[in-house]
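The structure appears right after this line, and notes come after that.
Rule-based calculations on the coordinates, nothing more; no lab input. Computed from a predicted structure; not experimentally measured. Cβ placement follows ideal geometry from the backbone for every residue including glycine, while neighbour counts extend to all protein chains displayed.
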Amino acid sequence: MTVEAGSVPAEAIWIDVINPSREEELAVEALCGIEMPTREEMREIEVSSRLYTEDGATFMTASVVFGLDSGKPSFAPVTFILVGLRLVTLRYSEPKSFAIFAAKLCRDVPRPAPDDAGKASAAIGKAPTAETILIGLIETVVDRVADILETVSADLDGIGDDIFSSSDRKKPTKTGDFKSLLRRIGAVGDLTSRIRESLATLDRLLPFLQLALDGRKSVPKDAKPRVKAMARDVHSLNDFVAFLSNKTVFLLDTTVGMISIEQAAIIKIFSVAAVAFLPPTLIASIYGMNFEHMPELSWTFGYPLAIMAMIVSAVVPMIFFRIKNWL
């Protein structure tokens, strides 16, 4: 549920506090008997500030990625608080994983089954607890990270195809195309770094959660195995993030190398053109001299011959360069 000031049900198992006002914070604190961390405290990077026990409540803060669907991915801290039989989540962002898990929880909530007399009997399914909600929520966060990494991997594959297909074209790649490739690589690299930081916080949170579950009563039997499985998933995702980071660096180096090749090709063309036009320039310079006794000046066909000599002296080097594959 979303907290509204003065309207927190006493039987609530999961209280999801989103961008709370001071009145909402006081309502939750009065109901649960805890002191909620401030936004600045949630952003602290020390482990002791993110994972601790206070007044019988367990506080765990992790960075969760959000905003991928809007095209502006970022990450923000989310605090999970186990207090008594309740779970309190405090956040100032709206990760999609929370909406996904809330929808799943609503679908799986036990419903009373009518008996033969048409009266409600025992509920179908098992009622969720604070621990199972917390574990399911973190599992959804980890699954969402895995989905994002699959998207990142597909984006990198597409960038690689664009880079190497551009090298097959005879025409030089436009500057705008290179800028687009660099922007795409930069966006992927930034998202990968954010995911790596998010996974690092989850990697520290899960062992602490394991210890917290050891100290709680009536913990479901499958709770600890699920936490261990999540820890293994986070480790494997960390390895995959490292692979994607290396691939991003490789594609960035490849793009920079392609830019250098294109620049070298352009400079090569100018250098060859300059060498090819040296003989015509020499001929024109000779006949541009102002000496009085130059026998060619009195020739009837002197001017056409000079023009012809300049053309031939320019064409012959170009043919030679083409034979040598310098052009």
Please tell me which of these pairs span more than 32 angstrom C-alpha to C-alpha: LYS104/LYS179; LYS96/LYS247; LYS104/LYS224; LYS247/LYS324? LYS104/LYS179; LYS247/LYS324
Sparse-neighbour loop sites [trypsin sites (Lys or Arg not before Pro); the stretch 45-115; at most 12 other C-beta within 10 Å; DSSP]: none
For ILE100 and ASP239, FRET efficiency with R0 = 30 Å and r from the beta-carbon atoms, rounded to 0.05? 0.75
Between VAL316 and LYS228, what is the spin-label point distance in nm, taking each point 7 Å from the Cα along the Cα→C-beta axis? 8.5 nm
What aspartates and glutamates could a cross-link reach from LYS72, if we take a straight Cα to Cα line under 15 Å and drop same-chain neighbours fewer than 8 places away? GLU94, ASP190
Helix axis angle, 22-32 relative to the chain longest principal axis, alpha carbon, degrees: 50 degrees
Pick from ILE163, ILE261, ILE15 the residue whose mean-square fluctuation is largest in a GNM of the chain, springs joining Cα atoms under 10 Å. ILE261
Rank PRO95, VAL234, PRO317 by how far each Cα sits towards the positive end of the charge dipole of the chain (+1 on Lys, Arg Cβ; -1 on Asp, Glu Cβ) and give me just the farthest. PRO317
Most exposed first by the Cβ proxy, i.e. fewest other Cβ within 10 Å, how do VAL312, VAL145 rank? VAL312, VAL145
Could you tell me the relative contact order of the stretch 171-327? Use alpha-carbon pairs under 8 Å, at least six residues apart, and round to a whole percent. 25 percent
Length-normalised contact order of the chain, Cα under 8 Å, at least 6 apart, in percent, tallies to 13 percent
Using the number of other C-beta atoms within 10 angstrom as an exposure proxy, rank GLU24, GLU54 with the fewest first. GLU54, GLU24
Measure nothing but the geometry: give the 0 to 90° angle between the long axis through the Cα atoms of 223-276 and the longest principal axis through the Cα atoms of the chain, rounded to 10°. 10 degrees
Measure out, as a whole number of angstrom, how far apart the alpha-carbon centroids of the stretch 174-198 and the stretch 7-84 sit. 31 Å
Mean residue ellipticity at 222 nm from the helices of the chain, using -39,500 (n - 2.57) per DSSP H segment of n ≥ 4 over the full residue count, to the nearest 500 deg cm²/dmol? -21000 deg cm²/dmol
Candidate aspartates and glutamates - alpha carbon under 13 Å from LYS217, same-chain residues fewer than 8 apart omitted: GLU131
Considering the chain as a Gaussian network with a 10 Å cut-off on Cα pairs, which listed residue, ALA274, ALA231, ALA62, attains the greatest mean-square fluctuation? ALA274
Acute angle (nearest 10 degrees) that the helix 130-168 long axis makes with the longest principal axis of the chain, alpha-carbon atoms: 10 degrees
For the chain, modelled as a GNM with alpha-carbon contacts under 10 angstrom, which of VAL47, VAL142, VAL316 fluctuates the most? VAL316
